[in-house]
Amino acid sequence: MSIPVDPADLRQALADFDSGYLLSTSSPQVKVVTVDPVAGDDGTLRIAGPGRGTLRNLAENPTVTVVFPPRERHGFTLLVDGSAVSDGDDVVVTATAAVLHRPAAHADGPLPADGCGHDCAPVGG
């Protein structure tokens, strides 16, 4: 079960990142497009014009992930999972989970014993 991400937490997390990548699929092939989402006041991400292939995928499978790579070497990656719908040529993603992630090898110190085995922190957690 997913818990929607607090809109204020998502907006704050996005402030630390540049462009991201929207991942969608309707078959074994994953489609990846570069995006510049805008966080809404309702916990959504609005993505302008990701393209016809993405819109076709969403018509069959609304589950998506948006990945924001770190700005600096060995920094955190922001991963946002959600459900997406088309709004004209745009896409609106309702975030169901978001996490700041980096491999254990990139951590600055010891990892928490109750974590995923990597250096991760839920957004808003």
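Here are some notes:
- Distance between the modelled labels on D6 and R56, one decimal in nanometres: 4.1 nm (7 Å Cα→Cβ projection).
- Residues in segment 31-99 average 51 Å² of solvent-accessible surface per residue, probe 1.4 Å, ligands and nucleic acids excluded.
- Normalising the Debye intensity of segment 1-61 to I(0), with uniform scatterers on Cα atoms only, and taking log10 at q = 0.19 Å⁻¹ returns -0.81.
- Protein accessible area in segment 37-79, 1.4 Å probe - carbon and sulfur %: 50 percent
The values are calculated or read from the model by the stated rules, or taken from the named source; none is laboratory data. All of these numbers come straight from a predicted model, not from anything done at the bench. Ideal geometry is used to build each Cβ from the backbone, glycine not excepted, and the neighbour counts take in all protein chains shown. Only protein heavy atoms, including side chains, enter the accessible area calculation; ligands, DNA and RNA are left aside. Shrake-Rupley method; radii C 1.70, N 1.55, O 1.52, S 1.80 Å.
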